[in-house]
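The values are calculated or read from the model by the stated rules, or taken from the named source; none is laboratory data. These numbers were taken from a predicted model, which means no experiment stands behind them. We place every Cβ from the backbone using ideal geometry, glycine too, and count neighbours over all the protein chains shown. The area values use the complete protein model at the heavy-atom level, side chains included, leaving out ligands, DNA and RNA. Shrake-Rupley method; radii C 1.70, N 1.55, O 1.52, S 1.80 Å.
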Amino acid sequence: MEKIVLVGINSQFIHTNLAIRYLKSYVEKYSELKLEIYESNINNQLQSIITDLFNLKADHYIFSTYIWNKEYVFRIIKELKKIRPNITISLGGPEVSYNTEESLIENDSIDYILVGEGEKVLLNFLTKDKTLQKGVGTLENKKLKYLGDEFPIENLDTIPFPYSEQELKENIKILYYESSRGCPFSCSYCLSSIDKGVRYVSLERVKSDLKKFIDSGVELVKFVDRTYNLRKDRYLGIWEYLVENYKEGMTFHFEINANIFDEEVIEFLKKVPEHYFQFEIGVQSINKETMNSINRRNLLERLRNNIKAISKNIHLHVDLIAGLPHDTYETFKDSFDYVYELDSEMIQLGFLKILNGTRISKEIEKYNYKYIEFPPYEILSNCFISYEELVKLKNFEKMLDYYYNSEKFKNSIKYIIEKNYKRPFDFFEEIAEYYEKNNLLGVGHKIVSIFNHLIKFYEEKNFRGKDIFVEYLKLDYLLLGKPGSYPEWFISKKDKEKYNAIVIEKNFKSTREAYKKTEFEKFQYDVLNNRAEVIEIFFNYSNRKTTFEIF
């Protein structure tokens, strides 16, 4: 029997490839075939992956191809064909589905491309005459042979659960799950807008699948539904089931449209255990012209109110896209300030990608798009924003990751912005300029260095209230964990005798353990209540999240 290996090259070690697991489970359920899975990531050496694949001695390798791995996959298969010339190589996935002929011509190591939703296509391809199946592209006499698209699976319940018991027990990676396919929206930059209509896994089946995750205690499950909260009876039913079966230490991630929450949903979400749910919310832009041009609709006041209402216990990621039509550098500032004020845990700044098959890929001349013509196909400029301005936003994004998304500077950054800036955007723009001027952008930085650069920036700007600012910086530094050492700007004022008395009172197993898991510090300014008063804070690092008490 032919040996078949499904290959997933992920962007990071911690990720799993959901697609190849669905393919394996579906084919094995409806045929006698047995498929193997091989996974690696783009951070591993190419030669190492080629050797691994060679040693598998498969007859047929089927690669899952995405924007983040296309170039890597194309290089792998070219070299693999040199040392195993008689193997069959097939590719599937969005990075080859919308440009089948071009991909086959570009890389002659590809024998077949499997187009669109993969389960039925792959099953038919492996069990029937390959040349007569829909959804299969190949070259014959240097011309594309393609018999049309395969119909998608109507009943998603027929696709088996993708993870083995062993995988669930290992619990070392992010696991992905799909409870629906398709998207009803028509965002012009998104591949999901191409397939109209939405299909759902039944509510009972979803509950059955989620029980397997809950019973295994995996840390993070990410729903890959393009917009999770479409049918209220269904999505609320899933959430209610998860809350009824709450398990501490687990998190479920959803991509949601916060515009459409009503009061019942908001009140329910307020009662969800803290950090049990994690939401990714695509704002993208608040510019009306931009939203109209990309077929998006944001009800900005309602969106703001809904997000703020659930922000205390739901971990929130809010998305923006730079380079959209009609969005200039100046209008982007407004979008950033809007999402900053939402006080989410993360602001994800992305850059427009011109993807084959999307409506925006047909508007290149209209908006004078210049973009990288290989993955990730990112915009270089358009008639609204220049390359220079996009580079500034790239540097801005790095500062955003350092000083906001890391969640390590919550108190100090809030103080800087409130005391010295009219708008949040300006702070991140100026510190990015500081990093660029001092040649700090092209090198990696330890967390202590990022703290040090922040205080040097503060000094260079000659902002007033440095003594108070340092107290906020000390608070952020101590919230990170037990310090191994102190930076030169951190002058400790702690009362050691009082610290010792508190440690004894806390009944740790030993004094050594107590000092290892705690810290004590005197602040010359009340950084918790923003007032001119000396306070002393005891920090406890015994649990995952640092706790503290005022003494």
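When the stretch 268-316 is filtered for residues that are more than 30 Å from Lys545 (Cα to Cα), open to solvent by 50 Å² or more (accessible area, probe 1.4 Å) and polar (S, T, N, Q), the ones remaining, listed by number, are Asn292, Asn295. Within the stretch 442-461, if we keep just the residues that are loosely packed, with under 15 Cβ neighbours inside 10 Å and either touching a Lys or Arg at 6+ places or on another chain (Cβ under 8 Å) or among the small types (Gly, Ala, Ser) (or both), the residue that is nearest to Asn395 (Cα to Cα) turns out to be Gly442.
Tallying residues that are farther than 25 Å from Arg544 by Cα and open to solvent by 70 Å² or more (accessible area, probe 1.4 Å) within the stretch 499-533 yields 5.
Of all residues in the stretch 467-483, those that are assigned to a helix (DSSP H, G or I) have Cβ atoms under 6 Å from Cβ atoms of residues that are at pLDDT below 95 and open to solvent by 10 Å² or more (accessible area, probe 1.4 Å), 6 or more apart or on another chain, in Leu479/Thr546. Do we have any residue at all in the stretch 459-472 that's among the acidic types (Asp, Glu), modelled with pLDDT of 95 or more and over 24 Å from Phe427 (Cα atoms)? Checked the stretch 459-472: no residue is among the acidic types (Asp, Glu), modelled with pLDDT of 95 or more and over 24 Å from Phe427 (Cα atoms). Consider the stretch 244-265 and keep the residues that are in a helix (DSSP H, G or I) and not small (Gly, Ala, Ser). The one that is nearest to Asn298 (Cα to Cα) is Asn259. Total residues in the stretch 134-147 satisfying the condition of being at pLDDT 95 or above and not in a strand (DSSP E or B): the figure is 3.
Restricting attention to the stretch 69-88, the residues that are in a helix (DSSP H, G or I) and either β-branched (Val, Ile, Thr) or free of Cβ contacts under 8 Å to residues at least 60 places away in the same chain (or both) total 11. Gly350 - would you say it is among the small types (Gly, Ala, Ser) and assigned to a strand (DSSP E or B)? Judged against the criteria, Gly350 is a match. Exactly one residue out of Val221, Val201 is on the phi < 0 side of the Ramachandran plot, under 21 Å from the mean Cα position of the chain (by Cα) and surrounded by 16 or more Cβ atoms within 10 Å (Cβ to Cβ): that is Val221. Based on what the data block shows, is Asp476 acidic (Asp, Glu), open to solvent by less than 40 Å² (accessible area, probe 1.4 Å), at negative phi and out of contact with any Gly (no Cβ under 6 Å at 6 or more places or on another chain)? So Asp476 passes the test. The sole residue among Lys494, Lys414 that is open to solvent by 80 Å² or more (accessible area, probe 1.4 Å) and out of contact with any Leu (no Cβ under 8 Å at 6 or more places or on another chain) is Lys414.
Okay, residues lined up against (1) more than 28 Å from His253 (Cβ to Cβ); (2) open to solvent by 30 Å² or more (accessible area, probe 1.4 Å):
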| site | (1), (2) |
| --- | --- |
| Ile4 | yes, no |
| Ile14 | no, yes |
| Tyr26 | no, no |
| Arg84 | yes, yes |
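Name every residue in the stretch 242-267 that is more than 14 Å from His315 (Cβ to Cβ), in contact with a Phe, Trp or Tyr (Cβ under 7 Å, 6 or more places away or on another chain) and open to solvent by 40 Å² or more (accessible area, probe 1.4 Å), in order of residue number. Tyr246 - this is the single residue of the stretch 242-267 that is more than 14 Å from His315 (Cβ to Cβ), in contact with a Phe, Trp or Tyr (Cβ under 7 Å, 6 or more places away or on another chain) and open to solvent by 40 Å² or more (accessible area, probe 1.4 Å).
For the stretch 258-311, residues that are among the hydroxyl-bearing types (Ser, Thr, Tyr) and either closer than 24 Å to Lys366 by Cα or without any contact (Cβ under 8 Å) to a residue 24 or more places away in the chain (or both) total 3. The residue that is least open to solvent (accessible area, probe 1.4 Å), counting only those in the stretch 417-433 that are more than 16 Å from Asn462 (Cα to Cα) and in a loop (DSSP other than H, G, I, E, B), is Arg423. Which of the residues belonging to the stretch 356-386 are at pLDDT below 95 and buried (at least 19 other Cβ atoms within 10 Å of the Cβ)? Scanning the stretch 356-386 gives Thr358, Ile360.
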